[in-house]
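J.: Before I ask anything, here is the structure I am working with.
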Amino acid sequence: MPSPSLRLAVVGAGAAGLAAARELRREGHAPVVFERAAAVGGTWLYDAAPAPGAAAAVAVDPLGAGAAHSSLYASLRTNLPRESMGFLDFPFAEDAGVDGAGDPRRFPGHEEVLRYLEAFARRFDLYGLIRFETEVVRVRRDGGGGGGRWAVTSRKLGEKGKRDEEEVYDAVVVCNGHYTEPRLAHIPGVDAWPGKQMHSHNYRVPEPFHDQVVIIIGASASAVDISRDIAGVAKEVHVADRSAPAFTCKKQPGYDNMWLHSMIDRAEEDGSVVFQDGSSIKADVIMHCTGYLYDFPFLGDDSAITVDDNCVGPLYKHVFPPEVAPHMSFIGLPWKVIPFPLFELQSKWVAGVLSGRIKLPSRDEMMEDAKSLHSKLKVYGWPKRYAHNFADYQFEYDDWLAEQCGLPPIEQWRKMMYAANSKNKAARPESYRDEWDDDHLVAEAKEYFKKYL
């Protein structure tokens, strides 16, 4: 007997939302995708020059999300090779794009990733499922229909006087991303410090920092890229890394104007910024490359999840809140992963569970599993905010999802390529995108994808 087709709300049309929409429809469901922007892509949709209202918001609140959704900067290239990045059955192949505008590099710029996602949406006929420029403002349990149904209130952006619309869905799949709400470092005394602060969310190009002294806080991919971007025009760049030893202060190889420091200790009214080793500089700008917060402003208490120290929970396998499973799910929470294949596998799992083809454990069993994650964090001495950090076990998780869906494990060449890239990046941070020695894996990947081309 075929499973019933469910009417499902998908929040977001980035990579996760597109993957979810495809898999839900493949399973026979009827997804409706809500997207605030006017196009697909999510975080890969570059805001080159925000509209006047957005520019004003950024000027007033350079530390906040402002009106810009994307966190991309102009020079951004992927930090993963394209062969490993793509969806499992839709190769991220070299493509000349429209009018020859493609980027054939193994580590392409952000424009190429957006072209890939647009091609994915066209190939699987997803555009007709998406309501563009439509924001989900509220998701609440529907008291009238029983079961696990949700009342979803949405608002059409840019249409003054139009009333919010409420509709009832059988389930909600949350795919709103986690690169929008800035996370800030705590700096004692910074409120009286006279310089400018901003978050990398609002960084686009280096020119505004010409001849300035800039402090970058962070050691992630964005901090590495932006510090090198700005070093070409700034007077000095100082990178503050909380993982660096307390007495670190050293010039960075290949740069005459960039230094690595330990974390900032405090900021002072005279414009000085003091590091943990006691050294200080007078800076014009502090840029927080300190990551982002999980944020679900449309969810109420009845969603059965909370965000505590950037840990979303309780969740079974980082996807289902046990209390309301399977009628609410989250795609794309893990970080330090190859994202697109993970989104695809999570989406296949959610789609199969919603159709009843794949069974979840009991609510109590799911809750116990969610609690075990926090026990593991305590054993390793990790803070709660590391709950969704998959650096050490992403492929174990991917393979578990694949098994649930009746699929083979992640391809071995993809796992080996990820490991080779990590090693190359550590050894050659300046050039790993353009120098590599895993051509044998590239050949294996191309052979694998022949059946999909």
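Bear in mind these aren't lab numbers, they're just calculated from the coordinates by the rules spelled out. Predicted model, so just to flag it, every value in this text is computed and none were measured. Backbone-built Cβ (ideal geometry, glycine too); neighbour counts: all protein chains shown.
J.: Highest mean first, how do 274-286, 34-46 rank when packing is the count of other Cβ atoms within 10 Å averaged over residues?
T.: 34-46, 274-286
J.: For a quick check of your reading of the filter: which GluC sites (Glu not before Pro) in the stretch 146-228 sit in a DSSP loop and have no more than 11 other Cβ atoms within 10 Å?
T.: GLU159
J.: Run the Debye formula on the Cα coordinates of the stretch 379-453, all scatterers equal and no solvent, and tell me log10 I(q)/I(0) at q = 0.17, 0.20, 0.24, 0.25 1/Å.
T.: Rounded to two decimals, the profile gives -0.88, -1.03, -1.12, -1.13.
J.: Based on alpha-carbon atoms only, what is the radius of gyration of the stretch 255-307 relative to the globular estimate 2.2 N^0.38 Å?
T.: Details: Rg = 18.4 Å, N = 53, 2.2 N^0.38 = 9.9 Å.
Here the Cα radius of gyration is 1.85 times the empirical estimate.
J.: Moving on to the next point. Just tell me which lysines come within less than 18 Å, Cα to Cα, of LYS446; anything on the same chain fewer than 8 places away is out.
T.: Result set, ordered by chain and number: LYS415.
J.: Report ³J(HN,Hα) in whole Hz for each residue of the stretch 381-389, in order, from the Karplus equation J = 6.51 cos²θ - 1.76 cosθ + 1.60 where θ = phi - 60°; Gly and Pro get x.
T.: x, 8, x, 4, 5, 8, 4, 9, 7
J.: Which of the aspartates and glutamates could be linked to LYS423 by a straight reach, that is with a Cα gap under 16 Å, when you skip same-chain ones fewer than 8 residues away?
T.: Straight-distance partners of LYS423: ASP392, ASP434, GLU435, ASP437, ASP438, ASP439.
J.: Relative to the compact globular guide of 2.2 N^0.38 Å, what is the alpha carbon radius of gyration of the chain, as a ratio?
T.: In units of the globular-protein estimate, the chain measures up at 1.01.
J.: Another one. Under the rule of at least 5 residues apart or a separate chain, name every residue whose amide H is placed under 5 Å from the amide H of GLU181.
T.: LEU293
J.: Next question. To test your reading of the geometry: what angle, between 0 and 90 degrees and rounded to tens, separates the Cα axis of helix 439-449 from the longest principal axis of the chain?
T.: Its long axis makes an angle of about 20 degrees.
J.: While we're looking at this one, here's another question. Relative to the longest principal Cα axis of the chain, at what angle does helix 339-355 sit, 0 to 90 degrees, rounded to 10?
T.: It is inclined by approximately 20 degrees.
J.: Whole-Hz Karplus ³J(HN,Hα) for the stretch 105-110, in order, using 6.51 cos²θ - 1.76 cosθ + 1.60 and θ = phi - 60°, x for Gly and Pro?
T.: Listing the rounded values in order: 5, 5, 10, x, x, 4 Hz.
J.: Could you work out the relative contact order of the stretch 184-288, using alpha carbon pairs under 8 angstrom and six or more residues apart, expressed as a whole percent?
T.: With pairs under 8 Å counted, the relative contact order is 35 percent.
J.: For a quick check: with amide H placed at 1.01 Å from N, whose amide H comes under 5 Å from MET258's, ignoring anything fewer than 5 positions away on the same chain?
T.: Amide H neighbours of MET258: VAL237, GLN252.
J.: Next question. Need the list of aspartates and glutamates near LYS384 for cross-linking: C-alpha distance under 13 angstrom, and skip anything on the same chain fewer than eight residues off.
T.: Of all the aspartates and glutamates, those that pass the test against LYS384 - Cα under 13 Å, at least 8 places apart if same chain - are ASP308, ASP309.
J.: Relative to the first principal axis of the alpha-carbon coordinates of the chain, what is the inclination of helix 412-427, with its axis defined by its Cα atoms, in degrees from 0 to 90 and to the nearest 10?
T.: Here the helix axis deviates by roughly 10 degrees.
J.: In the structure shown, do any of LYS317/LYS450; LYS348/LYS376; LYS235/LYS425; LYS156/LYS196 have a Cα-Cα gap over 30 Å, and if so which? Before the final figure, lay out each step's value.
T.: On the way: LYS317/LYS450 33 Å; LYS348/LYS376 27 Å; LYS235/LYS425 27 Å; LYS156/LYS196 35 Å.
As for pairs spanning more than 30 Å Cα to Cα, those are LYS317/LYS450; LYS156/LYS196.
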